[in-house]
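A.B. asks: Please find one structure pasted underneath; my questions will follow.
The values are calculated or read from the model by the stated rules, or taken from the named source; none is laboratory data. Computed from a prediction, not measured in an experiment: that's the story for all the values here. Here Cβ is always computed from backbone atoms with ideal geometry, including for glycine, and neighbour counts include all displayed protein chains.
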Amino acid sequence: MPEEEIEHYADTLQPALDLGEAATIISGNPAEFYLEDLAKTRKKTLELFRQLPDSWLYETSPWGGGQVSNNYFKWFHVIEDELSHRGQIRIIKKHHERSKK
């Protein structure tokens, strides 16, 4: 991943991670913008995963309050978080569709 891309995401994601007033900057685009960005991110993630050996999943490093965790544990929680957001998105879509009727 090019350094400028890493910096772009570091700058744009930090407000959301802080969950403060600054987090509102991640809004105002059409849904297609976010769907395309999500698709690009998924594609890049899969490309990078294909390059890693299975043993990478069991490599450990500090994470979350100085605890040591392996990559399997970390990515399990990334996927779990995405599933939770998908559920939230489905609820929002249903409410939106009902409000149009």
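A.B. asks: Scan region 20-53 residue by residue and report those that are modelled with pLDDT under 90, over 23 Å from Lys93 (Cβ atoms) and outside any helix (DSSP H, G or I).
C.D. replies: Gly20
A.B. asks: Looking at region 62-98 only, could you name the residues that are touching a strand residue (DSSP E or B) at 6+ places or on another chain (Cβ under 7 Å) and hydroxyl-bearing (Ser, Thr, Tyr)?
C.D. replies: The one that is touching a strand residue (DSSP E or B) at 6+ places or on another chain (Cβ under 7 Å) and hydroxyl-bearing (Ser, Thr, Tyr): Ser69.
A quick yes/no check of all residues on (1) under 17 Å from the mean Cα position of the chain (by Cα); (2) in a helix (DSSP H, G or I); (3) small (Gly, Ala, Ser):
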| residue | (1), (2), (3) |
| --- | --- |
| Ser55 | no, yes, yes |
| Gly65 | no, no, yes |
| Lys74 | yes, yes, no |
| His77 | yes, yes, no |
| Asp81 | yes, yes, no |
| His85 | yes, yes, no |
| Ile89 | yes, yes, no |
| Lys93 | no, yes, no |
| Glu97 | no, yes, no |
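A.B. asks: Under 9 Å between Cβ atoms, at least 6 apart or on separate chains: pull out the pairs that start in region 64-92 with a residue that is β-branched (Val, Ile, Thr) and end on any residue that is at pLDDT 85 or above and surrounded by fewer than 10 Cβ atoms within 10 Å (Cβ to Cβ).
C.D. replies: Val68/Ser61; Val68/Pro62
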